[in-house]
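Laboratory data are not the source of any read-out in this text; all were calculated from the coordinates shown. The structure presented is a predicted model; accordingly, all values stated were derived computationally and were not measured. Positions of Cβ are backbone-derived with ideal geometry, glycine not excepted, and every protein chain shown enters the neighbour counts.
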Amino acid sequence: MQLPRPQRLVLLLAMAALMAACRQPTDPLFAFSSDAPSRAGLVALEDGVLVGNEGGRFLRLDRQGTPLWRVELGREVAARPAVSGETVIVGTVGGTLVSLALADGSERWRLTGQPPVLTPLVSEAGSVYVVAPDGAVRALTVGSGEVRWRRPLPPGVPRPDATRPQPAPVLAGGLLVVVLGDAGVFALSPQDGTVRWRQPLARVLGMEAQGEVLYVSTQKGEVLALGLANGQVRWRQTPASALSSPPAWAQGMVWVGTEDKLLLALSPQDGRESIRLALPAPLVTQAVEFREWMLVPTRDSQGWLLALKPREGPPVFTLRLDTPLLTRPVVLGDQLFVLGQDGRVLSWRLQPPKP
């Protein structure tokens with residue numbers, strides 16, 4: 001497809017900038033190794049982050065990269081935990097769910113013999129929601145771990161691949177929205193698990209809620225805007241033959257990555273492509289907004305992190321790391337945290353964009 005001249009110019013400028021010497025953030029802060037690879041992602045706190053790894057270690061780091069506490073859970077922490085008040089609930093692939101005090105990591109309750117926890121947990125209003133590999137969804141009480149309700153996969157729909165995590169659930173608009181394999185997207189009542197609506201979609205990569213709209217991307221190259229209240233399709237576009245990332249809302253647009261190393265910005269009104277930028281490797285997680293910048297992590301044997309002012313073309317800075325970046329960065333004020341696939345947490349002080 002022949003791109004309009006402004007889009008071609010932006011793409012070429014971005015490619016030229018990547019071939020130039022990498023520009024760095026002004027203030028590297030720390031690099032901390034959790035001693036094992038990690039795919040769970042970081043959980044942001046006001047004064048640091050939480051991180052778990054394949055060895056079953058779970059830690060709280062402050063802004064200087066100092067571990068405030070650590071616990072050994074015995075099996076891999078493969079999914080992002082959920083924070084509720086002064087508690088974090090974390091699960092393992094061995095089927096253990098543990099509630100820990102944020103202050104010191106002390107254990108409040110533990111459930112064993114549960115299904116493997118592969119999908120990120122979410123929490124709201126005293127409940128934590130767990131999606132099992134077989135498609136069942138449970139609501140547990142944060143204070144005790146007691147089951148409030150359990151919703152099995154509806155009959156007659158295809159069962160998920162039990163070996164793969166599902167996209168992160170979304171709590172928005174008074175609904176719990178989950179992806180259950182190729183059965184599609186389900187909106188449940190957080191109070192009792194009642195199915196409010198279903199949108200049959202296959203190979204969903206992820207979701208992002210903004211206002212009254214739920215944006216969904218699929219591996220087949222589709223991006224959809226669904227009404228949160230009823231699941232009806234407001235628009236559907238296929239901007240690429242294959243997408244690689246969940247959608248992200250930033251700079252007033254919807255952003256997705258493609259398998260052929262592009263970053264696309266779509267109009268929230270109709271899904272039409274507004275910006276197209278070349279990347280050094282595919283984006284497989286969500287990009288993050290930092291003031292006027294987009295922070296874009298990429299998957300590569302030597303991962304890249306780019307800071308872009310999308311409408312200006314060349315990156316503000318680029319970081320080339322020796323590990324893929326598979327999970328979303330965390331920004332606290334002007335401090336950036338990223339998690340490498342090798343389990344290292346790295347941090348920099350960002351120089352804010354000049355007005």
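State whether the stretch 134-286 is rounded, prolate or oblate according to the following rule on the C-alpha gyration tensor (a ≥ b ≥ c being the square roots of its eigenvalues): a/c under 1.5 gives rounded; otherwise a/b larger than b/c gives prolate, and the remaining case gives oblate.
Values: a/c = 2.00, a/b = 1.73, b/c = 1.16.
Prolate, because a/c is 1.5 or more and a/b exceeds b/c.
Under the rule of at least 5 residues apart or a separate chain, name every residue whose amide H is placed under 5 Å from the amide H of L332.
Placed amide hydrogens put F337 under 5 Å from L332.
How much net charge surrounds V177 when only other residues with a Cβ under 14 Å from its Cβ are counted (Lys, Arg +1; Asp, Glu -1)? Each step should come with its number before you reach the end.
Details: positive: R151, R196, R198; negative: E124, E208, E212.
Local net charge: 0.
Quick query: amide H of S245 versus all other amide H atoms, modeled in the peptide plane; which residues come in under 5 Å with a sequence gap of 5 or more or a different chain?
When sequence neighbours closer than 5 places are left aside, the close amide H contacts are G257.
Take every Cα-Cα pair in the stretch 223-355 and report what % of them are more than 23 Å apart. Please report the intermediate quantities before stating the final value.
Working: 2858 of 8778 pairs.
The proportion of pairs with Cα distances above 23 Å equals 33 percent.
Could you give me the radius of gyration and the Dmax of the chain, taking only the C-alpha atoms into account and expressing both in angstrom?
For the chain, the Cα-based Rg and Dmax read 20.0, 59 Å.
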